Amino acid sequence: MRGGTKSRLVDDLRTTDNVQELQRKLYLKAKSNADFRFYALYDKIYRMDILRKAWERVKANKGAAGIDGQTFEEIESTDVDNFLEGIQQELKVRTYRPQPARRVYIPKSDGNKRPLAIPTIKDRVVQSALKLVIEPIFEADFTDSSYGFRPNRSSQQAALEVRKLLNFGYKEVIETDIEDCFGSIPHRELLDMVAKRVVDGKILWLIKLFLKAGVMDGIDRWTDSKGTPQGGVISPLLANIYLNNIDKSWKPLNNSARLIRYADDLVIMSKHHSQETMAKLKDLVTHLQLRLKQSKTRILNAECETFDFLGFTFIKALKRGSKDKRVAYFYPSHKAENAIRGRIRKIVDYRRPVKVENIVKELAPVLRGWVNYFRTANSSKKFVKIKFYTAQRIRKFMRRRRTRSGYGYKPYPDTYLYERLGLYNDYRVSWAKAF
């Protein structure tokens, strides 16, 4: 190993240790005293170890360029340290000003488009540095009912909690989400909530800069008095800070009903009185100047109806081997199955002038990601269907290249697909021990 490479590796390890130690201290201080307020944090934002860690995280997430067009490759082709030192200096003397985020639209399965805002890489690094410093403080306040965009918490954990409550007899379910949550959070009220823990005026100034930076769609630019645009590094944390009011208010308000929230998607589960529970939820959401999405809000009885949450379908059915005991099962929803089929079709497009080996390589991370997401569920049957569908598409792809009809089972058996081509083949489930 070259001396320079070894030195950078040691620096990276030291950076990680220093950042984690700072986060640990901030978390423990916040956890030990719910009323403690942090006055001096801004200088931590532009510490070089923090900025370097922020750069690593932003780069690992990849993503497109912002309105300035600057890419990761361009930054690395010059000098990353100079790039970070420039950010550090701007933050020190408070001349830093974020640019508007670039508006893009992502197609949704229902035919609509989801608006996303892409900040510049420079602004993403600053947001990430800010998040590294303030997230541990607010993590100390967040409740166990919140699962979205938090360290060491996941949608799979939320799904397992829903299944557990179903098995405990929480049969009445309210499923809903908050309409345009990220675009509706009022800035003033959000900053007031941040200030309950962080009263460093420079930190609040920096957050306000991000909230007021605005969005550019083509040549049009606009700002608003509400909203924390989806796509920003700091946006999920700010949304969790605001929505934590629902989480913390819920238990003393209704201890008999359990709330499970993943960002703006949530379910509330109870054993009875779901209409009263719904009324209390609406009051909480309205108080926050938000509203529930009516088209996605319903009350149901899980003993006789299925429902979807976070890509999973939940159902109560007879336990395997039992004649009368009903238990909860969950598996990939119909929408989730259609989505992965659509991605497979797009990659294994018979018209693409690409070698089948490249198709197989392109498929691997897509299939692996989908399977890993649903691996903790009762997904065996769904996995078999997707595995069969993928194999059929690959066989047809190769047959059409040879202008042959049929499915190609004989020339392209499973051994050829999985051993010769290396088609993704890890469809194991890991839910069995939970039963």
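General observations
- Filtered by the rule that a residue be on the phi < 0 side of the Ramachandran plot, open to solvent by 50 Å² or more (accessible area, probe 1.4 Å) and assigned to a loop (DSSP other than H, G, I, E, B), the range 93-130 gives THR95, ARG97, GLN99, LYS108, SER109, ASP110, ASN112.
- Counted residues, the range 305-336 - those being polar (S, T, N, Q) and touching a residue at least 12 places away in the same chain (Cβ under 8 Å): 2
- Residue in the range 372-385 that is under 22 Å from the mean Cα position of the chain (by Cα), closer than 24 Å to ARG163 by Cα and of a type in the set (A, V, I, L, M, F, W, C) present: yes
- Taking the range 156-169 as the range and being open to solvent by less than 10 Å² (accessible area, probe 1.4 Å) and out of contact with any Leu (no Cβ under 9 Å at 6 or more places or on another chain) as the test, the residues that pass are LEU165, LEU166.
- Test: residue in the range 134-155 that is surrounded by 15 or more Cβ atoms within 10 Å (Cβ to Cβ), farther than 27 Å from LYS226 by Cα and of a type in the set (A, V, I, L, M): no
- Index of the failed condition, PRO411 passing every other in (1) in a loop (DSSP other than H, G, I, E, B); (2) within 30 Å of PHE312 (Cβ to Cβ); (3) free of Cβ contacts under 8 Å to residues at least 24 places away in the same chain: (2)
- Breaking point among (1) touching a Lys or Arg at 6+ places or on another chain (Cβ under 9 Å); (2) under 18 Å from ALA263 (Cβ atoms), for THR223: (2)
- Residues that are hydroxyl-bearing (Ser, Thr, Tyr) and without any contact (Cβ under 8 Å) to a residue 24 or more places away in the chain within the range 365-408 comprise THR403, SER405, TYR407, listed in sequence order.
- Condition check for ILE178 on (1) touching a strand residue (DSSP E or B) at 6+ places or on another chain (Cβ under 9 Å); (2) free of Cβ contacts under 8 Å to residues at least 40 places away in the same chain; (3) farther than 30 Å from ILE75 by Cα: one failure, at (2).
- Assessment of the range 131-141 against the conditions (more than 28 Å from GLU85 (Cα to Cα), outside any helix (DSSP H, G or I) and touching a residue at least 60 places away in the same chain (Cβ under 8 Å)) yields at least one matching residue.
- Subset of the range 385-412 that is modelled with pLDDT under 90 and among the hydroxyl-bearing types (Ser, Thr, Tyr) - its residue that is least open to solvent (accessible area, probe 1.4 Å): SER405
- Note on the range 149-188: residues that are touching a Pro at 6+ places or on another chain (Cβ under 7 Å) and outside any helix (DSSP H, G or I) amount to 1.
- Unique residue being of a type outside the set (Gly, Ala, Ser) and farther than 24 Å from TYR39 by Cα when the list is ASP192, ASP200, ASP247: ASP247
- TYR418 vs. criteria assigned to a loop (DSSP other than H, G, I, E, B) and either of a type in the set (Phe, Trp, Tyr) or on the phi < 0 side of the Ramachandran plot (or both): no
- In summary, GLU172 fulfils each of the numbered conditions (1) open to solvent by 50 Å² or more (accessible area, probe 1.4 Å); (2) more than 25 Å from the chain's Cα centre (by Cα) with the single exception of condition (1).
The values are calculated or read from the model by the stated rules, or taken from the named source; none is laboratory data. The structure displayed is predicted, hence computed values, not measured ones. Cβ sites come from the backbone with ideal geometry, for glycine too, and all protein chains shown count toward neighbours. Just so you know, the surface numbers come from the protein's heavy atoms only, side chains and all, with ligands and any DNA or RNA stripped out. Shrake-Rupley method; radii C 1.70, N 1.55, O 1.52, S 1.80 Å.
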